[in-house]
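Report on the structure given below.
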Amino acid sequence: MRAPLSADDSMFKYHSYGLSAIPAIWLIALVVGFIVTEELPMRTDGEAIYLSRCMSCHQIDGNGIAGVFPPLNGTEWVVGDKGRLIRLMLDGMMGETEVNGVVYGGVMPPWKSFLTDEEVAAVLTYIRGAWDNDGSRVTPNEVALVRKATEGRKRPWSAEELNDSTNLGIPGSFSFLAVPPDTSANR
Ligand code: HEC
């Protein structure tokens, strides 16, 4: 079939490009579908979850209450390794935890029976980008992978356990190839 000329009517142009464009359209649809599910902002409002579930302890400005509730603003626990953050969110943490030079000994409640993968992803994405933080987003799929790998866990983590290399990164994904686990964090 000859290439369309500018003098051709639009119906002819449509038909002459139509067939050859079909594989390309499928490819674009696949790529767009992937981006939509993995990358676009979620409909779940992470800030609203923060205000109702976390703010009472960590405060509206994310700075906590020194010595009682640790800050989420500017901490390695929040913007560092995602796998470790998801674990501490799902099962909570307790024991001595140093955050920005201050030692806390409280209890961070477990959230796994109260929040869905999408909600956990939304609130973690919110705190990783709020205030002075500049961390990458967390996807529902990443939360699902960590939830599956840790489903037998029945008690909160200690800071020491969370910093063990077996608890860093997202299990069953290749994210560790792109981003080496962050081991420089607080202990
Ligand atoms: C009842 C109070 C309370 C609530 C509610 C709470 N936390 Fe915590 N959180 C704590 C305490 C206390 C610690 C420190 C635990 C320790 O000493 O080991 C902590 C630690 C953390 C840490 C790791 C340390 C840091 O400061 O970076 C993160 C991240 C965190 N919380 C996120 C959240 C998120 C997100 C929510 C809401 C879904 C939430 N917390 C709700 C009390 C709370």
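The values are calculated or read from the model by the stated rules, or taken from the named source; none is laboratory data. These numbers were taken from a predicted model, which means no experiment stands behind them. FYI the Cβ positions are ideal-geometry reconstructions off the backbone, even for glycines, and counts take in every protein chain you see.
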Next on the checklist: For the stretch 100-121, which positions are touching a residue at least 40 places away in the same chain (Cβ under 8 Å) and buried (at least 21 other Cβ atoms within 10 Å of the Cβ)?
Outcome noted: Met108, Ala121
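Just checking, which of Gly101, Gly152 is assigned by TED's automatic domain parsing to the domain that holds Val78 and within 15 Å of the ligand (Cβ to nearest atom)?
On the way: Gly152 fails: within 15 Å of the ligand (Cβ to nearest atom).
Being assigned by TED's automatic domain parsing to the domain that holds Val78 and within 15 Å of the ligand (Cβ to nearest atom) holds for just one of Gly101, Gly152, which is Gly101.
For the subset of the stretch 40-97 comprising residues that are among the hydrophobic types (A, V, I, L, M, F, W, C) and part of a strand (DSSP E or B), which member is nearest to the chain's Cα centre (by Cα)? Write out each step before concluding.
Of the residues in the stretch 40-97, the ones among the hydrophobic types (A, V, I, L, M, F, W, C) are 40, 42, 48-49, 51, 54-55, 57, 60, 65-66, 68-69, 72, 77-79, 85-86, 88-90, 93-94.
Add one more test, that the residue is part of a strand (DSSP E or B), and what stays is 65, 69, 93-94.
Working: Ile65: 25, Phe69: 22, Met93: 18, Met94: 22 Å.
Restricting to residues being among the hydrophobic types (A, V, I, L, M, F, W, C) and part of a strand (DSSP E or B), the top hit is Met93.
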Checklist outcome for this item: Flagged pairs (Cβ under 6 angstrom, 6 or more apart or on separate chains; first in the stretch 122-133, closer than 9 Å to Gly46 by Cβ; second in a helix (DSSP H, G or I) and not hydrophobic (A, V, I, L, M, F, W, C)) are Ala122/Gly46; Val123/Gly46; Val123/Tyr50; Thr125/Gly46; Tyr126/Gly46; Tyr126/Glu47; Tyr126/Tyr50
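Could we say that Asp132 is within 27 Å of Gly67 (Cβ to Cβ) and not aromatic (Phe, Trp, Tyr) here? Let's see the steps before the verdict.
On the way: within 27 Å of Gly67 (Cβ to Cβ): yes; not aromatic (Phe, Trp, Tyr): yes.
So Asp132 passes the test.
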